[in-house]
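Just so it is clear, none of the values below were taken in a lab; they were calculated from the coordinates. Keep in mind that this is a model prediction, so the values were computed, not measured. Here the Cβ positions follow ideal geometry from the backbone for every residue, glycine too, while neighbour counts run over all protein chains shown.
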Amino acid sequence: MKTVMVTGVGAIMGYGLLKSLRAANPAVRLVGTDIYDDAVGRGWSDVFVQAPLTADPGYSQWLGDTLALHKVDLLIPGIEQDIHWFSDHRAFLDTFDCQVVLNNQQLIELSRDKWAMDQALLALGDSSRIPSLLAGDFHSLKAALGLPFLLKPRRSYASKGLVWVREEGDFTPHAALLGDYLMAQPIIGSAADEFTVAAFGDGRGDTGPMIAFQRKLASDGSTAKAWVYQDDSLDDVVARLCRAFKPVGPTNLQFRRGKGGSWSLLEINPRISSTSSIRRAFGYNEAAMCLDYYLDGKTLAQPTIRTGFAVRYIEDFIVYDRDHF
């Protein structure tokens, strides 16, 4: 029996992974961890261990002890902070007899700074690049990007911290942050032109299995509604980007569709995304792929994808006759 440890199981990506792993193989022993003792992912874990923050000086000791105690075969980070810590401490993780779902280190580094990714796309001359600027006053940015334009944090995720600039009054309070913290971009398409793609890279430039959704975003930047989508032109862009960046394992690419059907890359998230539970419902189980790829060394085939759409809603987890998990 294999043991899989998932971190951050109080968040949608973490507990979604637990549910997908259980659906893929009921015999897998699931160890869930989270900084909160009452994380909902406890409900789908065979064993739960409360974790310190990755910034805690004792985190590496805790992680090593937990991996050893529970004889973990596969470690899957379920939140962004853990992915970054794991990537920064690869040599430490290599000392354990445990596979880690961790993407290409260079791609992870690029994903941490949207300006770095922009410059990488510029160097490639890739047409999916959205023109980005680190300097300028309101009038020069208006001339270059049009109105409205966007101020985007260089280091953020899930659409956090975006500023729509429609007039000079929107820009002025943030002007000093342009460069070190913010970058400016034109707005591509509309909210109806948002797409998310999952690929499972082999590290050599192949996309591996893929699925795409057209989607609407919730206020927190996650997917609220999704429609299974297929377009050869989008597949071609994803294939081109994977050849360039050579992702390893689960990888999420987000796009906007512009005028004339052109595709603009919003970001690459070198990890499983929070939409994984929806993907599983349509035949694309990234958690099952992780078991096959990392534990069994299998070459992954494209699964049959069902058509349809999904809507996210709030659901309750009920425990009777006690006041704890």
message = Which one, Thr207, Trp62, Ile79, is farthest towards the positive end of the dipole of the chain when Lys and Arg carry +1 and Asp and Glu -1 on their Cβ?
response = Thr207
ask   = What's the angle, to the nearest 10 degrees (0 to 90), between helix 59-69's Cα axis and the longest principal axis of the chain?
value = 40
request  = Sequence neighbours fewer than 8 away in the same chain don't count; with that in mind, list the aspartates and glutamates whose C-alpha is under 16 Å from Lys225.
outcome  = Asp193, Glu194, Glu315
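Using alpha carbon coordinates only, what is the Rg to Rh ratio of segment 44-124, with Rh defined as the Kirkwood radius? Numbers along the way, then the final one.
Numbers: Rg = 14.9 Å, Rh = 14.3 Å.
My calculation of the ratio gives 1.05.
Cβ neighbours within 10 Å, averaged per peptide: list 135-142, 37-44, 260-267 in order, most packed at the top. Write down the numbers at each step before the final one.
On the way: 135-142: 14.9, 37-44: 18.8, 260-267: 16.4.
Sorting 135-142, 37-44, 260-267 by mean packing, highest first, produces 37-44, 260-267, 135-142.
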Ranked by how many other beta carbons lie within 10 Å on average, peptides 95-108, 58-71, 274-287 from highest = 274-287, 95-108, 58-71
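Mind pulling up the Rg/Rh value for segment 209-318? Radius of gyration and Kirkwood radius, both on Cα.
On the way: Rg = 14.7 Å, Rh = 15.2 Å.
Reported Rg/Rh (Cα atoms, Kirkwood Rh): 0.96.
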note = Whole-percent tail of the Cα-Cα distance distribution for segment 106-174, cut at 19 Å, equals 39
remark   = Hydrodynamic calc, the chain: Kirkwood Rh from Cα pairs, then Stokes-Einstein at 20 °C with viscosity 1.002 mPa s, so D in µm² s⁻¹ is 103
query = Using just the C-alpha positions of segment 3-102 as equal point scatterers, what log10 of I(q)/I(0) does the Debye formula give at each q in 0.21 1/Å?
reply = -1.06
